[in-house]
Amino acid sequence: MKRPGLKIFVLVLLLGAAAGAGWLIFPQLQDHGKGNKGVDAARSSPVETALIETGPIVLKRTFSGTLEPLADFVVSPKVSGRIEKLLVDISDTVTQGQVVGQLDNAEYVQAVTQAQADLVVAEANLAKAKSDLENADRELERTRKLLKRGIASDSEFDALKADQLAKKAQLQVAQAQVTKAASSLETTKIRLGYTRITASWTGGDDNRLVAERYYDEGQTVAANQPLLLIVELDPILGVVYVTEKDYAHLRAGQTVSLTTDAYGDSAFFGRIERIAPVFQKTTRQARVEMIIENPGHRLKPGMFMRAAVVLKKVFETTIVPEQALTTRDNKPGVFVVSKDGKSVIWRPVELGIREGGRVQVEGEGLSGRVVTLGQQLLKNGSAVTVPEEKREIEPNSGEEPIS
């Protein structure tokens, strides 16, 4: 006799098994009905892209440095003395040869007076020596005539001859003393002229500016001690130091665009004038001098400046965003989006000039769009998903993935 409870238990187990199987099979049938769209979407990588450009690109470097005067001239008195007047001050314009100061000249005026008196005495001694020689000549000539007549003796003639020679020597001494006194007078006059301090330089502009004043009126200054510093500001000199990497790209005559903190984005223009032929041992850098136009003297020596120099320019080349660069097998390259926009092609490239987030590249198959975001996990032929607004494909962009 069969028990009813056992039949009910077996029926429940069969119904439960059927329900579980249906629960497992139903989602798969649902996915299959959608054409496997969910599976494909899961395997595609979302990416951002950008167009590959063709056009010019420049290699530009910005160097930091300082401004210096193109030329400077230190005004120093050639004699010592007390400063009686200073006729110029800082920022004043000075003309070549202009008197800029006056020293107390009383001592030098007195020296000129003394030298003039010494010259008068020397000239008087010269006149007396000439007169004495003339008398000696006459006396010698008279004695020679008497000697011929036998009236004068040979000893008298010899004595007069010796006296004449002595008078000639005295005349030569007197003439030398006059020359010496005249030279001394000229020297004292020159030294007196040195009490008028002038700004005299050679070359460059005839008008310059006073940059520094080291003494005030009433102070005593020694000979050759700096009194004023006068500088030429238009044009002005920009000085930078460059490393070996940039040195090879620089040459005299290259155009320079210069900016300073004082004038914000206002640019000043000039050119490279000189490049040092040696590198400093301590810094391994070379000095480069730039001539900068400075109308209105806006730029000042000592200012910090930034000089931008175009080292190289390519007029027609392939350019990609710097974010598109990635590395595979230790080689740089980019992922180019295929024609249908659903996959990418790995393209190795050679890098060139970098400018403002753009990079010059050389290689094959570089057209259309490149991946700029999301390429970290991609490989050649990977499926990608590109936003709808960026799926405009160029006519000749990309190729089929390389197997």
Checklist line | Neighbour net charge for Asn207 - beta-carbon separation under 12 angstrom, K R +1, D E -1 | finding: -4
Notebook entry, point to check: What is the list of residues in the stretch 288-320 whose amide nitrogen lies under 17 Å from a point 7 angstrom out from the Cα of Ala267, following Cα to Cβ?
Noted result: 291-295, 305-314
Check: In nm, what is the difference between 0.36 nm times the number of residues separating Lys130 and Glu212 and their Cα-Cα distance?
Finding: 23.7 nm
Note to self: Can you find, among Ser266, Tyr241, Ile230, the residue sitting farthest towards the positive end of the charge dipole of the chain, where Lys and Arg contribute +1 and Asp and Glu -1 at Cβ?
What the structure shows: Tyr241
Next item on the list: Provide Rg and Dmax in Å for the stretch 211-338, with only Cα atoms included in the calculation.
Entry: 22.5, 87
Check: Span-like helices, the chain: DSSP H, alpha-carbon axial extent 27 Å or more, mean Kyte-Doolittle 0.5 or greater, which ones?
Finding: 4-33
Notebook entry, point to check: Could you give the distance between the Cα centres of the stretch 346-363 and the stretch 160-178, to the whole Å?
Noted result: 97 Å
Checklist line | Gain on full stretching of the segment that runs from Ala71 to Asp163 - 0.36 nm per residue minus C-alpha separation | finding: 26.6 nm
Note to self: Checking the a/c ratio against 1.5 first, then a/b against b/c, what shape does the Cα gyration tensor give for the stretch 105-194?
What the structure shows: prolate
Checklist line | Restraint check, Lys128/Lys189; Lys60/Lys281; Lys128/Lys148; Lys339/Lys379, Cα-Cα greater than 21 Å | finding: Lys128/Lys189; Lys60/Lys281; Lys128/Lys148
Item checked: Highest-MSF residue in the chain out of Leu250, Leu140, Leu299 [GNM, Cα springs under 10 Å] -> Leu140
Check: Taking the Cα-to-Cβ direction at Glu107 and at Thr198 and moving 7 Å from each Cα, how far apart do the two end points lie in nm?
Finding: 2.3 nm
Checklist line | Which label in (i) 134; (ii) 146; (iii) 344 gives the computed volume of the Cα convex hull per residue in Å³ | finding: (iii)
Next item on the list: Estimate the FRET efficiency between Gln254 and Ser183 by the formula 1/(1 + (r/R0)^6), using the beta-carbon distance for r and 60 Å for R0, to the nearest 0.05.
Entry: 0.60
Next item on the list: Would you please give the FRET efficiency between Ile90 and Ile291, computed as 1/(1 + (r/R0)^6) with r the Cβ-Cβ distance and R0 = 25 Å, to the nearest 0.05?
Entry: 0.50
Next item on the list: Can you pull the one-decimal nm distance between simple spin-label points at Ser155 and Gln175, each 7 Å off the Cα toward Cβ?
Entry: 3.4 nm
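Throughout, read-outs are computed from the coordinates displayed, never taken from laboratory work. Predicted, not measured: the structure shown is a model, and the values here were computed from it. Cβ atoms come from the backbone with ideal geometry, glycine included; neighbour counts cover every protein chain shown.
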